[in-house]
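The structure appears right after this line, and notes come after that.
The values are calculated or read from the model by the stated rules, or taken from the named source; none is laboratory data. All of these numbers come straight from a predicted model, not from anything done at the bench. Backbone-built Cβ (ideal geometry, glycine too); neighbour counts: all protein chains shown.
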């Protein structure tokens, strides 16, 4: 997805702030922040040794393959916020393992309680119950891998400027969203296959 196309999509559907969390990279988020006429939160979905962890408000990319604790510490060292995406998703191999989630609790600021690509609603309900029981802030994610998925989940929150204000705004968040149709996973598979094919042909 190109930055200009993402901006057009957001403006079309009324999204006036977006968090970009590419896998193990922040270059796309930085580019979108440069061209977007609305706030862009620079983030990264980092593959730790035990599963994926999101950092919001990052200045530098964090390498994959670190322990969950080291990943979280590097996020905090940048003044960022630690968010756990799609926890308890039984169909996702990249979800942070339950034991790692519990061990990481002192570092966690935000738990994603709704992800449009989480197929089983029971998994989302479990995430919300776990977040409430541990007094964590809520987030929701489109987990968009295509333009049409942008906006399938979002939060309605007050305006903010910095990470601290964002955390305060999340305390008043209203989660809005719906599940993406199952066929969107085929788009992701095709993108991975195409990328691997390109590598082979280089």
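So how many residues does the range 75-99 have that are surrounded by 18 or more Cβ atoms within 10 Å (Cβ to Cβ) and either in contact with a helix residue (DSSP H, G or I) (Cβ under 7 Å, 6 or more places away or on another chain) or in a loop (DSSP other than H, G, I, E, B) (or both)?
Total satisfying the criteria: 12.
Suppose the filter is outside any helix (DSSP H, G or I), within 17 Å of residue 51 (Cβ to Cβ) and more than 16 Å from the chain's Cα centre (by Cα); does residue 111 pass it? Criteria not met by residue 111. Within the set 37, 63, the sole residue that is at pLDDT 95 or above, closer than 24 Å to residue 176 by Cβ and outside any helix (DSSP H, G or I) turns out to be 37. Consider the range 131-142 and keep the residues that are buried (at least 19 other Cβ atoms within 10 Å of the Cβ) and closer than 15 Å to residue 107 by Cβ. The one that is nearest to the chain's Cα centre (by Cα) is 137. If you check 155, 101, 129, 137 for being closer than 23 Å to residue 7 by Cα and at pLDDT 95 or above, only one passes: 155.
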